[in-house]
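Every read-out reported here was derived from the displayed coordinates using simple, explicitly stated rules and does not represent laboratory data. Computed from a predicted model, the values in this text were never measured in an experiment. Glycine also receives a Cβ, built like all others from the backbone with ideal geometry; neighbour counts cover every protein chain displayed.
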Amino acid sequence: MINRLKVLYELQNIDDQLDDLEELRGDLPKAVEDLEAQIESIKSTISEKEQQRKESMDKRKENESQIEISKESQKKFKAQLYKVRNNKEYDALTKEIDHTEELIAKYETENNELADMSKTLADEIETIKPKLDELNEEVKKKQSDLKVIIKANEKEEEKLNESRKKLVTQIKKGDLSAYMRIRKAKKGKAVSTIKRSACSGCHNIVPSQRQLELRQNNRLYYCEYCGRILVSAEVSESVAV
């Protein structure tokens with residue numbers, strides 16, 4: 001049983017060292033993540049606006065084609081006015097001419113609106129782009145700083161992770177599950193020792209009877225205040241050696 005407790009405490013020691021290496025990176029990983037998210041958001045916005053511009057340009061071309069068709073139809077109708085034989089034919093032709101005139105006016109109005117929208121979108125894109133360039137420069141710098149820190153501790157981190165992998169294979173699934181659950185809930189610290197009769201995790205006094213039981217190293221005990229796994233001085237000292 002004591003070996004079971006030792007590997008848990010050793011795992012905690014390794015995780016403490018890995019956490020210390022993580023702390024050296026400070027807020028850089030989060031800062032890089034946030035900047036990358038902002039960059040993707042701006043890229044998405046630019047892409048959407050460029051797509052809207054393309055669609056407006058396509059629609060304007062379509063309208064221009066319809067304007068030409070309507071103008072050609074109008075010419076034909078006007079030419080036919082000189083050949084009408086009665087008022088009925090004349091009224092029908094003038095209605096067609098008026099209709100084509102309305103269509104031409106409608107398409108031209110829509111094209112003017114589309115041109116205005118396209119210009120607005122282009123201006124908005126040009127306004128956004130400098131911000132994107134600025135963020136790209138900032139994220140490059142932070143990524144570079146982060147790489148320097150990671151590189152400086154790369155070998156040590158690899159060694160610790162390798163040791164951790166080996167240790168994990170020696171731990172019972174139930175113990176590892178409990179360890180990981182407590183570690184997550186207690187900001188990384190899942191295993192505590194007894195210091196001056198108190199839990200080193202929450203600093204609450206551990207009852208004398210529980211301290212005696214801990215020294216027997218015959219089972220897992222949890223702090224009744226913080227829920228961390230408690231190990232005896234014998235376990236912690238043997239691992240520290």
Positive-pole candidate from ASN63, ASN153, LEU11, dipole of the chain, charges at beta carbon: LEU11
Net charge dipole size for the chain [Lys, Arg +1 and Asp, Glu -1 on Cβ; Debye, nearest 20]: 1520 debye
Taking the alpha-carbon centroid of each part, what is the distance from region 95-148 to region 189-211 in angstrom? 64 Å
nm² value of the averaged projected area, convex hull over the Cα atoms of region 35-133: 7.0 nm²
Under 29 Å Cα-Cα from LYS76, which lysines qualify once same-chain neighbours fewer than 8 residues away are excluded? LYS59, LYS61, LYS88, LYS95, LYS106
A chain fully extended from TYR222 to ILE42 at 0.36 nm per residue, minus the present Cα-Cα distance, gains in nm 59.9 nm
Restricting to Cα atoms and excluding each atom paired with itself, what does the Kirkwood estimate give for region 148-241 in Å? 14.8 Å
For VAL239, VAL191, VAL206, VAL84, what's the fewest-to-most ordering of other Cβ within 10 Å of each Cβ? VAL84, VAL239, VAL206, VAL191
If the chain between GLU22 and GLN80 were fully extended at 0.36 nm per residue, the gain over the current Cα-Cα distance would be 12.3 nm
Excluding same-chain residues fewer than 8 positions from LYS187, which aspartates and glutamates have a Cα within less than 14 Å of its Cα? ASP15, ASP16, ASP19, ASP20, GLU22, GLU23
Relative contact order, percent, the chain [alpha-carbon distance under 8 Å, six or more residues apart]: 30 percent
If I take R0 = 22 Å and measure r between the Cβ atoms of ASP133 and GLU33 in this structure, what FRET efficiency does the formula 1/(1 + (r/R0)^6) give, to the nearest 0.05? 0.65
What aspartates and glutamates could a cross-link reach from LYS54, if we take a straight Cα to Cα line under 14 Å and drop same-chain neighbours fewer than 8 places away? GLU62, ASP116
Report the gain in length on full extension from GLU110 to LYS195: 0.36 nm times residue separation, minus Cα-Cα distance, nm rounded to one decimal. 22.6 nm
So if we plug the beta-carbon distance of ALA122 and GLU64 into 1/(1 + (r/R0)^6) with R0 = 22 Å, what FRET efficiency do we get, rounded to 0.05? 0.70
FRET efficiency for SER208 and ARG181, using Cβ-Cβ distance with R0 set to 35 Å, rounded to 0.05: 0.80
Structure-derived Cα extents along the principal axes in Å - corresponding label in (i) 121, 38, 31; (ii) 56, 41, 35; (iii) 46, 40, 35: (i)
